[in-house]
Structures are given as C-alpha cells and as structure tokens.
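**Student:** The structure follows.
The values are calculated or read from the model by the stated rules, or taken from the named source; none is laboratory data. This is a predicted model, so every value here is computed, not measured. No Cβ is skipped: glycine too gets one built from the backbone with ideal geometry, and neighbour counts run over all protein chains shown. Accessible surface areas use protein heavy atoms only, side chains included; no ligands, DNA or RNA. Shrake-Rupley method; radii C 1.70, N 1.55, O 1.52, S 1.80 Å.
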2 protein chains.
Amino acid sequence: MSQAKTAEPRPYHHGDLRRALVDAARRLLEAEGPSALSLRAVAREAGVSPAAPYHHFKDKSELLDAVAHEGWETLNAQMAEAKARDTGPHQLTGLGIAYVCFARENPALYRVMYDMVREKEALPLDVQGDNDSAYCMVRDTMVEHGADPGAETHLELATIAAWCGAHGLAEMAGFKQFEHLKEELGGERAFLDAVLSHMGLFTAKHGAC
Amino acid sequence: MSQAKTAEPRPYHHGDLRRALVDAARRLLEAEGPSALSLRAVAREAGVSPAAPYHHFKDKSELLDAVAHEGWETLNAQMAEAKARDTGPHQLTGLGIAYVCFARENPALYRVMYDMVREKEALPLDVQGDNDSAYCMVRDTMVEHGADPGAETHLELATIAAWCGAHGLAEMAGFKQFEHLKEELGGERAFLDAVLSHMGLFTAKHGAC
DNA sequence: CAAGATATCTGTACAGCGCTTAGATATGAA
DNA sequence: TTCATATCTAAGCGCTGTACAGATATCTTG
C-alpha cells in the first residue's frame, strides 16, 4: 500500500476519537463496573456528544467488541509471557494460572470479554487455524508435554476440557463459599493452584502469576 | 399454624400476581430470550400496570432472583433424578451430564441463573450445610464412588474442580468452533460425554439425559 | 352488617438509555 | 478559493427502571 489513504482513516476533529472512546470505556469499566458502561457515559467520559460514537461504531455492541478484543489480546500476551517464562514440564499449569489470574485481576473486563463470546457463540480467535491464539497455545503445549498420552486421549477434547475448567474457575474463584478454603490453603493463589491441579489437565503446581 | 394468616399472604385482586409475574417472566424468557426480560414487558405479559410488580418485588433484580431460584430448584430436581436413576459407579458422570444437559436445554434460564450467581458472588445454596443442593449432591457422590482416593485428593477441591468444568462446558458447548467435533463424535450428546470424561472427575461414559 | 385499616393495583411522571435524523463545522482535495 | 466529505452537535423518539399519589378491593374489627 502507498502511505496513508487506504491504510488509516486518521480522523480530523478529535484526533482519534475511536481510540479515545475505547480508552474511556476501559477507564469506566475499571472504575464503575460493567453495569456503568453505557454508550452515553462513554461519550461523556470522552467529552463528546452522545451521538458522536456512532461515526466510529455501528452500535453499542460494536464498541464493547473493541474493548473485549483488546482484552483478549492482553490475555494472549500474558499467556505467551507465562509460556516463555517456564519451558519446563509445568508449562501447562503456568498457562492455566495465567488465564485465571488475568480473569481475577480484570473481572469487569473479563465479563465484557465473555459477554461478547456468549453473544457470538464462538471463541474470539479461530480455533482451527495455527495462529497464536490462547486456545492454540494451550493445545500446542498439551502436545509438547501435556497429560498422559493414553490411548483414549483426544487432543482437541482435552484442550476444550482444560479451557472449560479454567473458565469455570475464573468465574467462580471469587465466590464467598470458597473463602474458608483459601484461608485453609494459604491465599487465593494457592487455592487456584490447588483447584487447577485437581482438574488433572493442569498437572503440577507452579509459580507464574 | 392455624389456616391462612401467617402461612401464605394470598393476594386479593389478582389472585396471585407474584406467581403470575414469575410465570410471565419464564414465558418471555423462553420465547424472546434474556434481553427481552424487562420489568415492563413482564408486567405487560401478566396484564398489569408497569408499577404493579413493585408490590411483590423490591426491584427488577428481585424478580429475576425468583426466576433464577426456580431454575436452581429444577436443576437440583433433575440431578437428583439422574442420581436415583443410576446408582452404579457412573453416578458422577450422570450428574455431570444432567447438569450440562439442563443448561443446554434451558440456555436463557441458565443465563439468568448464573447472572444472579455472578452478582451475588455465591452459589445459590449453602455449600457448607448438609442440605440437598446440587453442589452437595456432587460432593457426596464423589465420596461414595468418585475419582481415585489418592493421597493428594481434597474432597472439596475436587468437587469445585468438577463444578467448574461442568459450568464451563455448559457455557461453551454451543460454540461454533466445536461443531465439527460434534459431527465427528456423532452428536452433541456424545461430545458432552467425551469432554466430561476428559475432565477426569467424571469418570466413565453414561446415558442419562 | 357497617366502617375503618390495609394491601393491591393504576396513572402519571422523571431521568437515563440506545439510536436516528438534520444541520453545523472543520478538514482535505480541486 | 471552492467544493466535497468526514466529523461532531442538537434535538428527539420510544424504550427502560423506578417513584409517587390516588383509586379500589379485600380483611379486620366492631
């Protein structure tokens, strides 16, 4: 491509309202939670009129899509980092911990991410393709030194099972019923480690969050 | 108690508007999905004014609580039924299947149920108490003939791990990426069976949905 | 049966929401 | 300089959750 005609539209008035809107949304999300994420509130936070966002996003859900997309990118990056940090046999555990820790540290963002996933009924990145999505990272790590390569083990199914467990734990780790367990085990991190190891698909204990 | 003073409030005008509202909500939920569940729409469906529900529910979320509560009761009943149907070594698998099947057959209701759970940050029924909640049922079944009673097995953690896996699968089983797997395995039911069995905590395959 | 207390429901209203439309304004191209 | 176009504002529609005043039906008490 040439330089800056078809590549980037480069807005005029605001500089980059699209960017500013996504940032404002993330700021609101962290400060006030997912229920405060109205289009009008985002526009207010960004200092523009309520109708301005419609020149950059088809509707509200498209804005949330953009926020969620950045969330998935961050999650992918953090999991890649965890994988690079530990190349030993506990890599899978490290990935699981990284996943759950991200969700626990960014609960509002994780909720927006999964709201979008539920609406689309699909994980955000192509599972088939050999891209570097988190899902494929888990699957590949499973091949390298995953669970026992028994006769009945189906790679894709094992990956799905692991993903389901990690997602379930990510959503439920904060439940009040489990607080006594966290104390018993010595903190939330130990609790996450313990539950993941009981899932069988994340084999040993580790330290990577 | 005597007859009808402290027992049931028995409303006057409508007969039992509270009941009618919950039923209307469930009807709307099944017909139009969770996004159509506005308080006004429920009141419309029940044939009363928009303000009428406020004499029976503090606010909208309390109405949804009631709907979700009935959902959990139904789920508990279906799991108890599954447990009674098969008293053999595959009881745990039957419970897992019953859980996921309920969620898959009542997706909108399951969403309302878990929205409430996420908001309260707690499972709906007391996990500690020895009541007959689904959670306790899973735990007890695990004791009776669950996974291997190895040295490192912590009953509560194993139950949580199983619950996380089942919830994850319940939310993700419908994802488009998994359709080719369902075909490969011969239907969604076989897919659910296979993923659950890969979780390790639900041991063998079974037939109970 | 009469009458007052109370629970239930209606009508109306308000602020906030997502979104649309028409018009103003700033920018890039001719 | 002029025009086309991209960007933003102002105003408004129908919807939402919720509050309040008043009407009405039922229960309770005499």
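**Student:** Using a Förster distance of 41 angstrom, determine the FRET efficiency expected from the C-beta separation of A:ASP132 and B:HIS14, and round it to 0.05.
**Tutor:** 0.10
**Student:** Please go through the residue pairs A:LYS83/B:LYS182; A:LYS176/B:LYS83; B:LYS60/B:LYS120; A:LYS182/B:LYS83; A:LYS83/B:LYS120; B:LYS120/B:LYS176 and name each one whose alpha carbons sit more than 24 Å apart in this structure.
**Tutor:** The pairs that break the limit, which is 24 Å between Cα atoms, are A:LYS83/B:LYS182; A:LYS176/B:LYS83; A:LYS182/B:LYS83; A:LYS83/B:LYS120; B:LYS120/B:LYS176.
**Student:** Can you give the accessible area per residue of the range A:59-198, in Å², using a 1.4 Å probe?
**Tutor:** With all protein chains present, the range A:59-198 gives 39 Å² per residue.
**Student:** Another question, then. Given 0.36 nm per residue, what is the gain on full extension from B:ALA36 to B:LYS60 after removing their alpha carbon distance, in nm?
**Tutor:** 7.3 nm
**Student:** What are the nm distances, shortest first, from A:ASP115 to its equivalents in the other copies, labels at 7 Å along Cα→Cβ?
**Tutor:** List, nearest first: 1.0 nm.
**Student:** Now for a separate question. Partner chain Cβ atoms within 10 Å, averaged over the residues of B:106-118 - can you pull that number for me?
**Tutor:** Averaged over the peptide's residues, the number is 1.
**Student:** Probe radius 1.4 Å, ligands and nucleic acids left out: can you give me the accessible area buried at the B-A interface, summed over both chains, in Å² to the nearest hundred?
**Tutor:** That pair hides around 3600 Å² of surface in total.
**Student:** Right, next: Evaluate peptide A:78-85: per residue, the Cβ atoms of other protein chains within 10 Å of its Cβ; return the mean as an integer.
**Tutor:** Average neighbour count from other chains, rounded to a whole number: 0.
**Student:** Taking a label point 7 Å out from Cα toward Cβ, give me the nm distances from B:THR74 to the same spot in the other copies, shortest first, one decimal.
**Tutor:** Copy-to-copy label distances for B:THR74: 3.7 nm.
**Student:** Okay, which of the range B:105-126 sit inside 18 Å, backbone N to the point 7 Å along the Cα-Cβ direction of B:GLU144?
**Tutor:** The answer is none, because no backbone nitrogen lies closer than 18 Å to the label point.
**Student:** Hey, another quick one. Take A:ASP86 and A:ARG189, extend 7 Å from each Cα along the Cα→Cβ direction, and tell me the distance between the two endpoints in nm.
**Tutor:** Reported label-point gap for A:ASP86 and A:ARG189 is 1.1 nm.
**Student:** Determine the shielding of peptide A:166-174 by partner chains: average, over its residues, the number of Cβ atoms on other chains within 10 angstrom of each Cβ.
**Tutor:** Partner-chain Cβ atoms within 10 Å, mean over residues of A:166-174: 6.
**Student:** Could you order the peptides B:89-98, A:180-189, A:111-120, A:163-172 from most to least packed, using the average number of other C-beta atoms within 10 Å per residue?
**Tutor:** Per-residue mean Cβ counts within 10 Å order the peptides as A:163-172, B:89-98, A:111-120, A:180-189.
**Student:** Suppose a student asked you for the relative contact order of the range A:59-198, using Cα pairs under 8 Å spaced at least 6 residues apart; what percent would you report?
**Tutor:** Relative contact order here is 28 percent.
**Student:** Placing a label point 7 Å from Cα toward Cβ, how far apart in nm is B:LYS182 from its equivalents in the other copies, listed shortest first to one decimal?
**Tutor:** Distances to the matching label points in the other copies: 3.6 nm.
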